[in-house]
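What follows is a single structure, written as structure tokens, with notes after it.
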Amino acid sequence: MAKIEKVTQGALAKNKKLNEIIERLNPLLNIEVNEVEEDAPLEIEYSDNNVVLRVPANGGGVPEGFEEETLDVVNSDNTAGQRVFLTKAV
């Protein structure tokens with residue numbers, strides 16, 4: 001997926017938070033999921049360019065320090081839906 005470009009012109013360019021959000025979203029556009037050995041731990045690696053999930057062949061469960069949360073969303077066809085996210089308190 002194409003990288004989201006930072007806003008550099010117009011009224012939105014004055015909003016520093018907008019560009020911070022863009023910086024945080026871009027790695028998620030290039031997420032990779034790799035299957036590793038069954039006894040390996042689930043790992044999540046973050047970088048400025050992408051996010052890599054290393055998932056054990058047996059599924060591995062929820063990584064340490066994270067929890068699953070179900071969020072209500074609006075689907076692209078304007079219907080209600082739900083998504084399960086892994087979240088971590090900061």
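Find the all-direction average of the projected area of the Cα convex hull for the chain, expressing the result in square nanometres with one decimal place.
Mean projected area of the Cα convex hull: 8.1 nm².
What order do you get for 50-58, 2-10, 29-37 when each peptide is scored by the mean count of other beta carbon atoms within 10 Å, highest first?
50-58, 29-37, 2-10
Taking other Cβ within 10 Å of each residue's Cβ, how do Phe85, Phe66 sort, fewest first?
In order of increasing Cβ crowding within 10 Å: Phe85, Phe66.
Tell me the angle of helix 16-25 to the major Cα principal axis of the chain, expressed in degrees between 0 and 90 and rounded to the nearest ten.
30
In terms of modelled amide H atoms, which long-range or inter-chain residues lie less than 5 Å from the amide H of Val36?
It is Val55, Ala57, by chain and number.
Throughout, read-outs are computed from the coordinates displayed, never taken from laboratory work. This one's a predicted model, so the numbers in the text were calculated from it and none came from an experiment. Reconstructed Cβ throughout: ideal geometry from the backbone, glycine too, with neighbour counts over all protein chains shown.
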